[in-house]
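The values are calculated or read from the model by the stated rules, or taken from the named source; none is laboratory data. Treat the numbers as computed from the prediction; the structure is a model and nothing was measured. Positions of Cβ are generated from backbone atoms using ideal geometry, with glycine treated the same way; all protein chains shown enter the neighbour counts. The protein model used for the area step is the full one, side chains on, heavy atoms only, and it has no ligands, DNA or RNA in it. Shrake-Rupley method; radii C 1.70, N 1.55, O 1.52, S 1.80 Å.
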Amino acid sequence: MESLKQCMSKRFDGSQQYLDLNSIRTDPDLVSQNMEIILNRKHCMHAVLKIIEENIPELVSLNLSSNKLYKLDDMAELASKAHNLKILNLSHNELRSERELDKVKGMKLVELWLDHNPLCDYFKDQPTYISAIRERFPRLLKLDGHDLPPPIGFDVEAPTTIPPSKGSYFGSDDIKILISRFLQQYFSVYDSGDRQPLLDAYHDGACFSLSTPFSAQNPARCSLGEYQKDSRNLKRLKDPTTRFRLVKHTRLNVVAFLNELPKTQHDTACFNVDVNTYTNTLLTFTVSGVFKEVDGKSRDSVRAFSRVFIAVPAGNSGLCIVNDELFVRNATTEEIRRAFAAPAPTPSSSPVPTLSAPQQDMLNTFSLKSGMNLEWSQKCLQDNEWDFDRAATVFTQMKAQGKIPDVAFIK
């Protein structure tokens, strides 16, 4: 530690509060003492941060370029140890995703260098790149040495919160009863494993379409498996023939297609319903919520969905679907955390238990250290009886063997 401290002292410019750790691994003073400082190693990064905290907490500018950094997990505490840090140089490293920056986005940076990292190649153009980085560092004025337009925002230091979303809107109790009964019947069949009886729910000339989000800079990030190939996302599809082909016409074709989609279990207790239009002859409403896949290679993956139904009256107080639009995306970390919290028995699974406060803390810590989302982190901990060290060992082994799917790291 003392040798590293002396080395960092030589690289520190007090007049500028600037610490230059460029290529620290090859520093002659450290090499001559057979010291290997590899900042991807947790103990090395922690040693550097400890020296900063104890000796130069007023640090303004830090250069970590050319250190072969491919992850920033161990830098998460830097913001709390150097409150005045405004300039950070991470250029000429091996960062492959802008999601790594989420681990340090608490820093109030005004200047950032990321050039010559693989992540820079994933953006289709400079404005998209700037937007993605500034989303994480809204005060940024300079990126890769280039001045940016002044940030647009409000000079409000106090934390602001988004108003809570409102619950379902039905318009009247009669419509609420009608739609609630319809949804209970529809999704009971949809999640049963055999969707053929849904033929009774659709009009002879019904139409159906499916769409998923599309990431222009990195399409692989979508990771929506079976849904991606049939997506009718109009921002991506320009060919009129393909657009028409991906619309399923007639109830026979609609239900045949629904039977091909992954088997699911919807969290019906958390559905949010908004009625858009209702007359004596037409009813349009949107259903939003989450579901998980119950078989296949994406088993237990939690998805979020929004579904717009256009229906007409049918039979005795029933509904007949004339148009069905389904939008599917990966659920957010918060949506996964809340999913299936209400214990409602279903044919395909038992209720999901709630976590104790210590288990929730352990889950958050394990997710942060492993990089996995909460869903997969909880699965790993449960499989190892909530033994943190054992779960960490199993995770490390499986990751080294390439047995953990990419979906586990999507947050």
Got a sec? Which of GLN17, GLN6 is within 16 Å of LYS81 (Cβ to Cβ) and of a type in the set (S, T, N, Q)?
GLN17
Out of all the residues in region 1-35, which are open to solvent by 90 Å² or more (accessible area, probe 1.4 Å), charged (D, E, K, R) and within 38 Å of the chain's Cα centre (by Cα)?
ARG25
Any chance you could count how many residues in region 99-119 are part of a helix (DSSP H, G or I) and either aliphatic (A, V, I, L, M) or open to solvent by less than 40 Å² (accessible area, probe 1.4 Å) (or both)?
5
So for region 67-75 (the condition being modelled with pLDDT under 95, basic (Lys, Arg), assigned to a helix (DSSP H, G or I) and open to solvent by 50 Å² or more (accessible area, probe 1.4 Å)), does at least one residue qualify?
no
Can you tell me which residue within region 389-409, out of those that are at pLDDT below 80 and of a type in the set (Val, Ile, Thr), is surrounded by the most Cβ atoms within 10 Å (Cβ to Cβ)?
VAL407
Residues within region 24-38 that are within 20 Å of LEU72 (Cβ to Cβ) and either assigned to a helix (DSSP H, G or I) or touching an Asp or Glu at 6+ places or on another chain (Cβ under 8 Å) (or both), tallied
3
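Which of the following residues is aliphatic (A, V, I, L, M), open to solvent by 30 Å² or more (accessible area, probe 1.4 Å) and under 30 Å from GLY167 (Cβ atoms): LEU282, LEU224, LEU252?
Unique residue meeting the criteria: LEU282.
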When region 107-136 is checked residue by residue, the ones that are aromatic (Phe, Trp, Tyr) and in contact with a strand residue (DSSP E or B) (Cβ under 6 Å, 6 or more places away or on another chain) are TRP113
Region 255-301, residues that are within 17 Å of SER211 (Cα to Cα) and hydrophobic (A, V, I, L, M, F, W, C):
VAL255, PHE257, LEU258, LEU261, VAL287, VAL290, PHE291
Basic (Lys, Arg) and more than 25 Å from GLU334 (Cβ to Cβ): which single residue out of LYS292, LYS235 fits that description?
LYS235
Would you check if there is a residue in region 259-276 being hydroxyl-bearing (Ser, Thr, Tyr) and assigned to a loop (DSSP other than H, G, I, E, B)?
no
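Scanning for something of a type in the set (D, E, K, R), open to solvent by 60 Å² or more (accessible area, probe 1.4 Å) and touching a Leu at 6+ places or on another chain (Cβ under 6 Å), does region 91-98 turn up at least one residue?
Yes, region 91-98 contains at least one residue that is of a type in the set (D, E, K, R), open to solvent by 60 Å² or more (accessible area, probe 1.4 Å) and touching a Leu at 6+ places or on another chain (Cβ under 6 Å).
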State which residue is nearest to PRO262 (Cα to Cα) when the search covers only region 180-202 and only residues that are open to solvent by less than 30 Å² (accessible area, probe 1.4 Å) and touching a strand residue (DSSP E or B) at 6+ places or on another chain (Cβ under 6 Å).
PHE187
So is TYR122 of a type in the set (Ser, Thr, Tyr) and either open to solvent by 30 Å² or more (accessible area, probe 1.4 Å) or modelled with pLDDT of 95 or more (or both) or not?
yes
Any idea how many residues of region 256-313 are among the charged types (D, E, K, R), within 21 Å of ILE175 (Cβ to Cβ) and in contact with an Asp or Glu (Cβ under 8 Å, 6 or more places away or on another chain)?
1
Search region 312-335 for residues that are in contact (Cβ under 8 Å) with a residue 40 or more places away in the chain and among the basic types (Lys, Arg) and pair each with any residue that is part of a strand (DSSP E or B) and open to solvent by less than 70 Å² (accessible area, probe 1.4 Å) when their beta-carbon atoms are under 9 Å apart and the residues are at least 6 apart or on different chains.
ARG329/ARG303; ARG329/ALA304; ARG329/PHE305; ARG329/SER306
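Could you look through region 125-155, keep only residues that are part of a loop (DSSP other than H, G, I, E, B), among the charged types (D, E, K, R) and open to solvent by less than 80 Å² (accessible area, probe 1.4 Å), and pick out the one that is modelled with the highest pLDDT?
Of everything passing the filter in region 125-155, ASP144 is modelled with the highest pLDDT.
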Scanning region 76-99 for residues that are among the charged types (D, E, K, R) and modelled with pLDDT of 90 or more, which turns out nearest to TYR122 (Cα to Cα)?
ARG96
In region 312-322, residue modelled with the lowest pLDDT [restricted to those that are open to solvent by 40 Å² or more (accessible area, probe 1.4 Å) and closer than 24 Å to VAL247 by Cα]:
PRO313
Scanning region 195-208 residue by residue, those free of Cβ contacts under 8 Å to residues at least 40 places away in the same chain and in contact with a helix residue (DSSP H, G or I) (Cβ under 8 Å, 6 or more places away or on another chain) turn out to be PRO197
